[in-house]
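Below is one structure, written out as structure tokens, with a few remarks after it.
The values are calculated or read from the model by the stated rules, or taken from the named source; none is laboratory data. All of these numbers come straight from a predicted model, not from anything done at the bench. Note: ideal-geometry Cβ built from the backbone for every residue, glycine included; neighbour counts use all protein chains shown.
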Amino acid sequence: MTSAPGERLPYLLRALKAPRILDRLQATAERARAEGWPHEQFLEALCEAEVFAREASGARQRIRNAGFPAPKTLEDFDFAAQPAAEKPLITHLAQLAWIDEAANVCFLGPPGTGKAISPRHWRSRPARPGTARCSPPPSNGSTASKALSTATASTTNSAAWTATDCWSSTRSATCPLEHQAANLLFALVARRYERGSIIVTSNRGFEAWGEIVGDAMVAAALIDRLVHHATMITLKGKSYRLRERAAADKPRQRAQPTELS
């Protein structure tokens with residue numbers, strides 16, 4: 001007994017793990033018949049739907065795997081409030097060509113000045129989505145040591161962190177590193193030197209890294225490798241969070257009734 005045309009398509013598409021094609025099959029087929037599409041156009045339309053959905057899903061998964069603390073996009077960034085972040089330069093960096101060159105980007109500046117634009121959701125390269133890992137600021141020195149030990153302890157972890165397209169590290173002025181953590185951080189940066197990109201965001205300038213790292217020689221060696229092939233951006237001004245809080249407080253202050261004397 002011969003099956004009807006297309007009868008086995010649901011089974012075949014499930015076997016191929018192409019659920020979006022299956023979802024759009026009937027509607028696309030009806031449109032193709034009505035508009036007289038060639039077979040190639042019909043197939044292309046179905047494949048596009050599957051590929052676009054997979055790319056969107058893959059991007060969301062890579063963001064989760066990267067460990068970014070919160071979604072931030074360039075569309076969210078107020079360039080007028082932060083002139084030091086030159087829009088043409090940031091837009092150029094967002095193309096991510098520097099990752100193919102194993103170069104680095106360093107954002108320095110006070111808390112709340114927009115350094116988070118660096119490790120958050122810059123446009124993925126269409127040719128190769130790539131991978132990223134984010135190292136958030138640890139709560140204390142022992143936490144930093146444990147996190148860095150995990151990254152460097154085994155061959156598997158070391159290879160993964162070295163092969164990652166871009167590693168993002170956020171350093172806080174309130175959290176100096178223990179000696180072991182500082183050495184592990186240097187080892188990780190040394191492994192990535194001229195092999196993989198690093199984004200650094202810090203609220204302390206490089207002149208203070210000796211204090212943070214706890215060893216001036218280690219700090220100098222770290223900085224030397226970071227800045228050799230790096231774009232340096234120094235942000236200035238008041239905290240976005242404080243400005244937003246002040247703006248939110250003004251309507252409440254105006255709304256308070258005037259007391260009669």
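Scan the stretch 9-46 for residues that are more than 26 Å from Ser57 (Cβ to Cβ) and either in contact (Cβ under 8 Å) with a residue 24 or more places away in the chain or surrounded by 11 or more Cβ atoms within 10 Å (Cβ to Cβ) (or both) and the total you get is 1. Examine the stretch 174-188 for a residue that is in the same structural domain as Ala85 (by TED's automatic domain parsing), modelled with pLDDT under 75 and in contact with a Pro (Cβ under 8 Å, 6 or more places away or on another chain), and state whether such a residue exists. So far as the stretch 174-188 goes, yes, one or more of its residues are in the same structural domain as Ala85 (by TED's automatic domain parsing), modelled with pLDDT under 75 and in contact with a Pro (Cβ under 8 Å, 6 or more places away or on another chain). One residue stands out in the stretch 218-242 among those that are in contact with an Asp or Glu (Cβ under 9 Å, 6 or more places away or on another chain) and over 17 Å from Ala103 (Cα atoms): the one that is modelled with the highest pLDDT, namely Ala219.
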